[in-house]
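Laboratory data are not the source of any read-out in this text; all were calculated from the coordinates shown. Just so it is clear, the structure is predicted and the values come from calculations on it, not from any experiment. Every residue, glycine among them, receives a Cβ derived from its backbone with ideal geometry; neighbour counts consider all protein chains shown.
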Amino acid sequence: MNAPVLDVRGLAYAYPDGHQALFGVDLHVHRGERVALLGPNGAGKTTLVLHLNGILSADSGGHGAGAVSVSGLPVEKANLAEIRRRVGVVFQDPDDQLFMGTVRADVAFGPANLGIRGAELDRRVMHALDQVGMAEFVDRPPHHLSFGQRRRVAVATVLAMEPEILVLDEPSSNLDPASRRELADILRSLDVTLLMVTHDLPYALELCPRSVVLSGGAVVADGSTYDVLADEPLMRAHRLELPFGFDPRNVTPRP
Amino acid sequence: MHVPNGFLDAPTSMATGAAAVVCVGAALAGARRELDDRTAPMAGLVAAFVFATQMLNFPVAAGTSGHLLGGALAAVLVGPWTALLCMSVVFLVQSLLFADGGITALGTNIILMGVTTVVVGWLLFVLLRALLPKRPSLVPLEAGLAAMVSVPAAALVFVGLYAAGGTADLSLGELAVAMVGVHTLIGIGEAAITFLAVASIVAVRPDLVYGARPLLARRELEIRATATEATA
Amino acid sequence: MGAGHGHKLHYHGHSVVHRAPAHLKILVLLGFTVLVVATPGEWYAAFGAYLLVIAVVVGVSRVPATYLLKRSLIEVPFLAFALLLPFVAHGPRTDVLGLSVSESGLLAAWALLAKGTLGVLASLTLAATTEPHELLHGLERLRLPSQLVQIMAFMVRYLDVVTGEMQRMKVARESRGFSARDPRQWPVLARSAGALFIRSYERGERVHLAMLSRGYTGRMPRIEGRP
């Protein structure tokens with residue numbers, strides 16, 4: 001078996017103000033997996049995500065230990081450009097991710113930073129938009145789109161970089177039920193390794209066979225999503241609550 | 001107090017236009033020293049913020065109202081050169097899209113409300129920072145005082161420009177008294193807004209305030225030392 | 001969040017005026033305004049002709065006149081100043097409707113009014129027929145330095161977000177019976193401005209992270225193939 005796409009070993013991190021967010025996290029994600037990262041607010045999920053593409057690291061001003069590598073390439077200053085190509089992070093609020101005048105310019109931003117130009121850039125933009133079903137909106141200003149459409153374009157901005165792993169922060173937040181389902185269909189259709197940070201436990205069960213629970217800056221559970229959600233003492237201990245009336249035991253798994 | 005088209009005569013407008021081009025050119029060169037990869041989005045936000053608060057009119061005295069100029073605030077937040085770029089962009093957009101301030105008066109407006117408030121505000125801020133005890137908690141106060149003076153200073157420059165190229169002959173003495181009087185009041189509002197805005201940022205993210213950074217370097221090192229001890 | 005439907009000043013349309021290249025429109029606006037400002041105040045007929053030109057352009061663009069008029073209220077503070085001029089200016093005086101007014105003040109007031117109004121109408125016509133991002137491309141093509149274009153791009157992008165935030169805060173204030181009428185209310189306005197700033201700053205930081213995550217290195221990439 002080749003190196004895991006994502007290999008996090010003993011990751012610890014304290015912010016410059018002394019607040020420590022991670023206390024030795026171990027996480028391995030293999031090619032083609034879809035993994036949900038669950039955990040209460042303040043568990044260190046965002047801090048972990050920001051380490052995956054080297055935005056936070058021991059050299060970024062804080063105090064850290066441990067190592068992250070992506071397909072065997074360690075996350076360190078010299079490799080940042082390649083790391084950020086390999087790890088695509090989609091942030092929670094699409095308004096943070098879309099800042100150019102048109103959808104085309106926004107989707108082209110990432111690959112253009114990688115030095116891609118001309119016909120290849122156009123191909124990447126259109127392919128990424130096709131994957132999220134937004135190709136017809138290519139010349140529209142992003143702020144004219146609905147929230148769900150903007151979230152999909154935000155996913156496309158990262159897909160255009162052709163990442164090895166897609167990291168999504170709360171992909172289903174603020175979506176209406178139809179947009180939420182459309183996004184699930186899109187994510188399932190993508191041929192890419194997926195790490196999804198979410199509070200939406202039914203969404204995790206629907207999309208991710210495996211779940212990792214982060215609590216208090218450490219991994220407290222790692223197993224099949226079904227087993228994690230069905231483990232009531234674990235769920236209670238880490239402030240994870242299923243929505244009213246939702247019982248994972250009554251959900252028939254997708255074929 | 002955006003100056004509209006045709007308010008000042010052509011030679012004065014051209015002179016201020018040329019002066020504005022020189023100042024913005026200097027700022028473009030100077031901003032390279034302040035720029036890191038964080039600056040463009042931050043500068044855009046400061047510009048958007050100044051733009052938005054310039055629409056926030058506050059009541060001064062019977063019937064008149066003033067608005068934030070924001071030059072001193074921008075200078076303290078992103079540094080004087082970048083601040084001047086932000087202010088220039090604000091006036092350019094206001095004149096093109098909102099018809100607030102004439103296009104032919106763009107240079108005049110940049111000199112009046114951009115260059116004057118940024119330069120006066122920043123110099124006074126640096127002076128106060130040097131004189132007062134070197135504590136980040138005093139930065140909002142220094143910024144507020146600098147902002148307070150920057151507004152009547154802009155009003156005085158306005159009177160000066162009007163003396164040079166006004167299209168109606170008013171008594172300059174009366175105009176000066178009226179403008180400086182009203183703008184001293186506006187300056188107090190400007191000071192209050194600047195103080196509170198800077199105070200709320202210094203409280204949460206002092207590292208984001210350009211004017212507070214020299215005072216912070218030392219403090220951050222201390223924190224790092226204790227953090228190392230705690231985790232080692 | 002910021003789900004604004006375009007620019008409040010932009011009036012969606014597909015007329016010749018809408019489709020004209022933005023940099024051309026900016027140059028025309030600039031030329032027109034300079035011409036208006038350079039015209040001596042006594043050439044009354046010329047101002048009539050200018051107004052006619054604007055009326056024709058507006059007619060072709062199919063932007064409703066009321067739409068522009070409503071937005072030209074921005075001029076009001078200077079109208080007040082113009083109306084005061086005849087009474088406070090010096091020099092020989094004349095009688096209008098039984099009031100003694102200054103002749104030079106009267107002429108200055110007229111010129112200010114005519115030139116100011118024409119300038120405002122012309123700018124608003126540009127704003128109504130040009131999307132902000134087209135305007136940016138126009139300015140870029142007119143060789144505005146890239147640092148300024150960049151700041152402006154972010155500003156236009158975040159203006160909707162910041163003003164939306166401000167509007168919500170205003171509604172929240174006013175639904176609790178607040179109205180800004182005298183200086184005693186400054187502290188409330190100032191605190192609002194502070195809160196507005198923090199929100200904008202935090203967003204700026206998140207945008208920055210999102211940009212870094214897509215390989216941003218401090219320079220905007222040149223993206224060709226835009227329409």
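Each eigenvalue of the Cα gyration tensor of segment A:16-121, multiplied by 5 and square-rooted, gives one semi-axis; in descending order these are 27, 17, 15 Å. Add +1 for every Lys or Arg and -1 for every Asp or Glu among the other residues with Cβ under 9 Å from the Cβ of C:Pro21, and state the total. Surrounding charge for C:Pro21 is +2.
For the residues of B:184-197, the average number of beta carbons from a partner chain within 10 Å of their own beta carbon is 4.
Legend: distances between Cα atoms for C:Lys25/C:Lys70; A:Lys77/B:Lys134; C:Lys25/C:Lys115; C:Lys70/C:Lys115; pairs beyond 28 Å are A:Lys77/B:Lys134.
According to the Cα-based calculation, Rg over Rh for chain A is 0.96, with Rh computed by the Kirkwood formula. Entry note, chain A: relative contact order of 24 percent, from Cα contacts under 8 Å with a spacing of 6+ residues.
Distances between placed amide hydrogens fall under 5 Å for A:Val90 paired with A:Val167, A:Leu168, A:Asp169, all partners being 5 or more residues away or on another chain. Per-residue 3J(HN,Hα) values for segment B:117-122, derived from phi via the Karplus relation 6.51 cos²θ - 1.76 cosθ + 1.60 with θ = phi - 60°, read 5, 5, 5, 4, x, 5 Hz in sequence order (x marks Gly and Pro). Considering only beta bridges that DSSP places wholly inside chain A, some 55 percent are antiparallel.
From least to most packed, judged by other beta carbons within 10 angstrom and beginning with the fewest, A:Asp200, A:Asp95, B:Asp207 follow the order B:Asp207, A:Asp200, A:Asp95. Scanning residues 5 or more positions from A:Leu73 or on other chains, none has an amide H under 5 Å from its amide H, with H placed 1.01 Å from N in the peptide plane. Our helix-only sum for chain A, with -39,500 (n - 2.57) per DSSP H run of n ≥ 4 divided by its residues, gives a mean residue ellipticity at 222 nm of -10000 deg cm²/dmol. For the peptide C:110-116, the mean number of other protein chain Cβ atoms found within 10 angstrom of a residue's Cβ is 4. Based on the reciprocal of the average 1/r between different C-alpha atoms, the Kirkwood radius for segment A:91-162 equals 11.6 Å. Around the amide H of A:Leu22, modelled in the peptide plane, lie the amide H atoms of A:Tyr13, all under 5 Å away and 5 or more residues distant in sequence or on another chain. Note on chain A: with a GNM built from Cα contacts shorter than 10 Å, the maximum mean-square fluctuation among A:Leu195, A:Leu50, A:Leu22 falls on A:Leu50. GNM remark for chain A: springs join alpha carbons under 10 Å apart, and the peak mean-square fluctuation among A:Ala67, A:Ala119, A:Ala230 falls on A:Ala119.
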